[in-house]
Every structure is written in structure tokens, then in C-alpha cells.
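Notes for the one structure printed next.
Please treat every number below as a calculation from the coordinates, not as lab data. Being a predicted model, the structure only gives us computed values, none of them experimental. Cβ atoms come from the backbone with ideal geometry, glycine included; neighbour counts cover every protein chain shown.
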Protein chains: 2
Amino acid sequence: MNPNEGDVRRLRVELGPQSYDILIGPDLLKRAGAEIAARLPGVRCAILTDENVAARHLSTLTDALTEADLSFETKVLPAGEKTKSAEYLLGAVDFVLGTRMERGDVVIALGGGVIGDLSGFVAGIVRRGMKFVQVPTSLLAQVDSSVGGKTGINSTHGKNLIGVFHQPSLVLSDTNVLNTLSEREFRAGYAEVVKYGLIDRPDFFEWLEENWQAVFAGGPERGEAIAVSCQCKADVVARDEHEDGDRALLNLGHTFGHALEGATGYDSRRLVHGEGVAIGMALAHRFSVRLNRCSADDAERVEAHLVATGLPTRLSDVPGDMPPAEALLDYIAQDKKVHRGALTFILTEGIGRSFIARDVPSSEVLAFLRECT
Amino acid sequence: MNPNEGDVRRLRVELGPQSYDILIGPDLLKRAGAEIAARLPGVRCAILTDENVAARHLSTLTDALTEADLSFETKVLPAGEKTKSAEYLLGAVDFVLGTRMERGDVVIALGGGVIGDLSGFVAGIVRRGMKFVQVPTSLLAQVDSSVGGKTGINSTHGKNLIGVFHQPSLVLSDTNVLNTLSEREFRAGYAEVVKYGLIDRPDFFEWLEENWQAVFAGGPERGEAIAVSCQCKADVVARDEHEDGDRALLNLGHTFGHALEGATGYDSRRLVHGEGVAIGMALAHRFSVRLNRCSADDAERVEAHLVATGLPTRLSDVPGDMPPAEALLDYIAQDKKVHRGALTFILTEGIGRSFIARDVPSSEVLAFLRECT
């Protein structure tokens, strides 16, 4: 038994027959085989990963599976957002079908959000649904995409427009794996951690203001921040599995953020998802101030914390030219959180007091964006 | 109001929040707009159909939608099993995304099983799930694929291996539309009607022996046969939505049937799905006789009824060469109803007394197939 086992936190995501565990702690990758075998005895494993993650972590995972007497086959995909496409989806589906694995066998996603979203979609559609285990290797994936069952790929019409809801059987979040991330990547994931404080946990936001350096450094505070984030998300998901209501709160910062990602052509050299969310959250607070729903003090405090960690908060923080406000509005209107033509935004009445605003007039959004650009 | 409304039968498929109505009766296509608008007011409609069905029925549907003030856009796909492919799936997804319809809008499948399975898959994955309405235009689709939420496409690895479970909001089965089917197509669909009698309704099988000619002719017996078939399937589905248990009974005749479809390269000139199921059901009964589970009298009675309606019951009824028994066994082993390498068959103890047999030795299957070929 691993000496670190005592440091492992276990969260239960309650979704009736689809309930599952999230384990968070150091060196979990080494125990992946035992944890999977305990829940899915004798299962065959189809591992999907990307070339960067494979170079660093694949052998640790496969050693752990072998130790637990689980057989596996592996497909290594290119790293990057472009892999979340129909082409790679079909290639991965074909790989899994080619292994002749069955419905009770498992697709393991070893990687960040791209691999997690793609693999979950694969697991969701091969034989109309196989088992699925997430081993998220980025902070973003550990606190966001690995919880909630959303899977999918991008389309020429927009991001994440094709996919299914498919819950994992288990999530293994190894906190030490995050030491191999670049500072920029870790920071981008941290934007989603901040988001949970801003949605409905003002105490957590305050705790982050005090402890963010320890979270970045990798102390026990890191596990704590991830666990609280997953719990926040799990609570929202349990209330609203298929995003008919409250789950929309998780999109705080995402409507603006997705528009910025679209406007920069999903070019990660200019902007990665978490950076878009950071700017989006800052904009959502400033937009709420403009609509007289939030105090300027709170908006400034949010911006100050994001800036302190090195995250961008303004359109001008994105390198290269931004399109005019009208074009950004078009990207927003194209976002999937549109209902019958009305714009839906997550706005806020202050730190930890976000709410869903339906029917936000596009003229207000346009005027605000003109001020920002 | 349509004078035929009194002839419409309404079945409720009980699946909790995914419960829905199946309406069965003459001239329902003309009332499609009203029935959809009553359940999904103000919805936008993306119609998927094939060129054959479009020529006969599309204008009736679009007139009905227009009359109910529902807007629509249409994509006409090629007719035939080849359309159940990744290529056409992605094209249809792109079409629906291009209409900028939203999650609450509806994909309407106007066509047979191919269009229904493809369209349901499209509805299941665009924006992680749109509304879905089935307007099945073949007998096969009305009694089988339109009930139960299975959707999907074929893969080079086999039939229906990629898909999701996605329940419709409404199924409209117009019994008069079936008058435009070829006799061969109607007869193939009838094989699935017989199947429900053979699974667990011996009285229904007896009723069919007496009334099949009226069902073929289009009298009220046709609506009755379709309604009983849908009820049988809905009962099984309600017990087992995701095919973990009892739902496997619906595969009576399908393990042999799928193997024959594979062995004939899905060439509809040689064999269509329902014909494969007819042969498969006859084989399943004879195989059960061989295993001393079923009386020879019952197997002969099943074969006699299928033969009376003009359906094939023997491998030699398929035009062209059949591969040897070993190759057929390979097709069977490739079928998705394989669990951990053991062969699962639906066998029977007599008419209306089918059961799930797991761990059927492949040597027995091979010996039986050798006798048949």
C-alpha cells in the first residue's frame, strides 16, 4: 500500500445509479490499477492519451495496470485543441472497436481537458456507452472537465457543440502530476478554481486570496483547493445533471471567454481556455457593475486577485489584434447558451453571489464591449 | 379536426422524465404539426429524410408544420443502409448546427430505420442532446427502431456499433404511409411483428397466424398489430432502458440475423434486416430444438407462419453464396451482444417462451451452423 494513501481525499458525486468517486491526492497514478480493479474487476482498458502526457506519465499508468492484472491497449493522439475534432474522434472510436472491447470494458482518459472530453465522448458512443475512467493530468481538467459528465468535440460552428453527457465510473486526480505542468498552464487551470469561489463560496475566494501561493507551490493546500473545487462543481451537477437550470452558473466567465477563444481562432499561443475564463470573469463582474448589480469594489477585488496570480483580465492583455465589439457579440450569440435568441449571461451581485440572467439585451452587451475594446 | 382521429391509438412509453407518446393511426402525417406543437410549442424543426421518402411524404409533413406555425429546415439524404455512416452523420450534424437551432429545438426523422437511427444519433449529440421526434415510414421502423431510444450508425467493425441512447419526445406512426411500401419491405417489417409474439406473447402469435392477411391488406388489424408490437417493446424497454438485462430478449433472431447481414455485405438486393431476422428466428427455434429446449412442433409452426407470409427461413433462401459455418461464427462473435468472450443467444422453450442463454458454447453453434449450410 502506498504510504501517501492517508493524504488521499475521496469525494462522492451523487447521481443515483451513475454516482462515482473522485480521488484526489499525491501519487494516485501509481495506484490507478488497484483503484480501477477494485471498482471494475477484470476489466479491459483502452487508454487514450496525447503525446506530451504519454512521454511523462503513460508508463506509470501502464505499470500500475499491469500490477493489478488489468490488460490494456493504448492510442496516443497529438497534443492540442485540434485533437477535439470529428477526425480524431472517429479514429479513436475505430481504435476502441478494433480492440473488440465490450460495453463493460473501460476507456481511460490520461490527459488534460482535450483528452478527457474526447475520450468521454468515445466511451459514450462506442456500443452506445462503455465504462469510463478519468485520469486528469492538468489542473483545469482536475477541477472542471473531469467532473460533471460533459464530453464533446469542437465543430466549425463553435466549441463543444457536439457531444454527450456520459458520467465516469471513477476520477483519479494525482496532485503530483501537476508539478510537470508549465506555470502558464497551471495558472490557466487556477482561473477555474477562482470561479468556484466567485459563484457561491465567498469564503473560498477569501481563502484563495490568502493561500494561492501555497496552491501553486504544491503543498497540501493544492489538494484542498482541488477538493473544494470538485465539491462545488459536483454539488451544482447533482442539482442539475443535464444543464437545464442551475448548472449554467458554472458558465461564469465562459460566455465572454468562449467568444475570446473564438476570436483568437483557438490559438493557444494567444489565449488558452483558462485565460479566456479569467478575462471573462473580470468582464462579467465589470458588466454587472455597469448594470448596477455589483459594487465596483468587488469587481476590483476580483481583478486584483487574478492579476496577482499573473492571469489576464482585459481584452488588451491578449497579444495581437482583437476584432471589433460587433464581431465579439456575434461570437457570443453563436455560443450554445443561447435560448430562443435571448442572450443568457452569468452575472453577479458581488463576490460569491452569481446568478443567471436570461434576456440580457444585446444592445447592453454591445455598448459594454465597445467600452472594453 | 381530422375525421380519422378516433382511429388513433395512443401508447405511453413510461421512462420517468423521458416518457413519451407513440401515436398510431391513419393520416397522422397530416396532423404532425398539431401534435408536435401541442407538446413542443414554438419549436424549430430540422427535418432529416431520404430521397425516396421525401418524394412521397415530405410535402405532407411540411404542410402540416406550416399549418401549425412551426418553422423548419430540411436535409434530404441518400436512401439505403450506407447512409448510416460516420460521413452522413457528420454531414447531418453540420446541417443542424448550421441552422443555429438550440437544445430545445427538434430533429424530426421522416423515414425508415436508417433515417430514424441516424437522426436520433444526430439529435443525441448536437449540443449534447436536442429534442427528437420520430415519424417512421416503414413497418420495421414503426414496430421496432422508433421505440426504445437506440440510435446509431454502422462501423467497418459491424452494425450499430456507434451510437447513443436518446429517447424521442413523440413518435407518429401513420399506418396509411405503409401503403407506399413495396411488398418485400412490408413483409420484412412484419418479421419483427412476429418476433414480439415469439418472445412472450403466444396469444399474439396465434392472432397473427389468423389475421396476417388483414394486417398486410391495411385494415384496422394493421393498427392493432403495430400497437401490440410497440406495447411489447415499450414494456421490455421500460424494464431495462439501457440493455443490461431483459432487453436482450428483443434480439431474438438478431444474433444469427446480424451475422447473415454481415456475410452478405449488407447488400439489400440479397437480404434486408427483417429477412435476416426471419431466418434468425427460424434458426433460433431450430437451434433450441437441437439443444432439447424447444419442441420440433413449435419450431415447425414458426417456420410455417413465416413461409406463409413469404419470408425466408433458411440460409439457402438467401440468393448467392453463403460463407462457411466458421465464417458465420466469426460474424456472430463480432456481434455486440458478446459478454467477456461468452456467446449470448436468445433461445426459446417454445412459442412465446424465449429466454436469454449466456455462455452458449461456440462448438454447439458451429456444429448447428454446419448442419444448416
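What is the Cα centroid distance between segment A:223-289 and segment B:187-243, reported in whole angstrom?
Using only Cα atoms to place each centre, the spacing works out to 50 Å.
Please compute the alpha carbon radius of gyration of the protein assembly as shown, then divide it by the globular-protein estimate 2.2 N^0.38 Å. Two decimals is fine.
1.02
Using only Cα atoms, find the angle between the long axis of helix B:296-308 and the longest principal axis of chain B, and express it within 0 to 90 degrees, rounded to the nearest 10.
Taking the Cα atoms of chain B, the angle to B:296-308 is about 40 degrees.
With no solvent and one point on each alpha carbon, what is the Debye value of log10 I(q)/I(0) for segment B:3-177 at q = 0.08, 0.12, 0.14, 0.19 Å⁻¹?
Evaluating at q = 0.08, 0.12, 0.14, 0.19 Å⁻¹ gives log10 I(q)/I(0) of -0.20, -0.47, -0.65, -1.27.
Can you give the relative contact order of segment A:3-179 as a percent, counting alpha carbon pairs under 8 Å and 6+ residues apart?
So the answer I get is 25 percent.
Where the Cα atoms of chain A are projected onto their three principal axes, how long is each span, largest first, in whole Å?
Principal extents (Cα only, largest first): 60, 41, 39 Å.
Which pairs in the list A:Lys84/B:Lys195; A:Lys159/B:Lys82; A:Lys30/B:Lys84; A:Lys30/B:Lys159; A:Lys75/B:Lys82; B:Lys30/B:Lys159 are over 31 Å apart, alpha-carbon to alpha-carbon?
From A:Lys84/B:Lys195; A:Lys159/B:Lys82; A:Lys30/B:Lys84; A:Lys30/B:Lys159; A:Lys75/B:Lys82; B:Lys30/B:Lys159, over 31 Å: A:Lys84/B:Lys195; A:Lys30/B:Lys84; A:Lys30/B:Lys159; B:Lys30/B:Lys159.
One-quarter of the Cα convex hull surface for segment A:8-111, in nm²?
Averaged projected area of segment A:8-111's Cα convex hull equals 7.3 nm².
Kindly express, to the nearest 10 degrees and within the range 0 to 90, the angle between helix B:254-263's C-alpha long axis and the longest C-alpha principal axis of chain B.
It is inclined by approximately 90 degrees.
For segment A:203-278, which trypsin sites (Lys or Arg not before Pro) are both in a DSSP coil and crowded by at most 15 other Cβ atoms within 10 Å?
A:Arg269
Below 8 Å, C-alpha to C-alpha, sequence gap of six or more: please give me the relative contact order for chain B in percent.
14 percent
At 7 angstrom along the Cα-to-beta-carbon line, where would the label on A:Arg290 sit relative to the other copies? Give the distances in nm, shortest first.
7.5
Mind checking the angle between helix A:183-200 and chain A's longest principal axis? C-alpha axes, 0 to 90 degrees, to the nearest 10.
Once rounded, the angle reads 70 degrees.
How shielded is A:155-164 by partner chains, expressed as the average number of their Cβ atoms within 10 Å of its Cβ atoms?
For peptide A:155-164, the averaged partner shielding equals 6.
Take the Cβ-Cβ distance between B:Glu349 and B:Ser316 as r, set R0 to 30 Å, and report the resulting FRET efficiency rounded to the nearest 0.05.
Approximately 0.65, to the nearest 0.05.
Report, as an integer, the average count of C-beta atoms from other chains found within 10 Å of each Cβ along A:89-98.
3
Which chain A residue sits with its beta carbon nearest the axis carrying A onto B, and how many Å away is it, rounded to a whole number?
Taking Cβ atoms only, the nearest residue and its distance are A:Val164, 3.
Once both labels are modelled 7 Å past Cα along the beta-carbon direction, what's the A:Ala367-A:Glu210 spacing in nm?
In this crude label model, A:Ala367 to A:Glu210 measures out at 4.1 nm.
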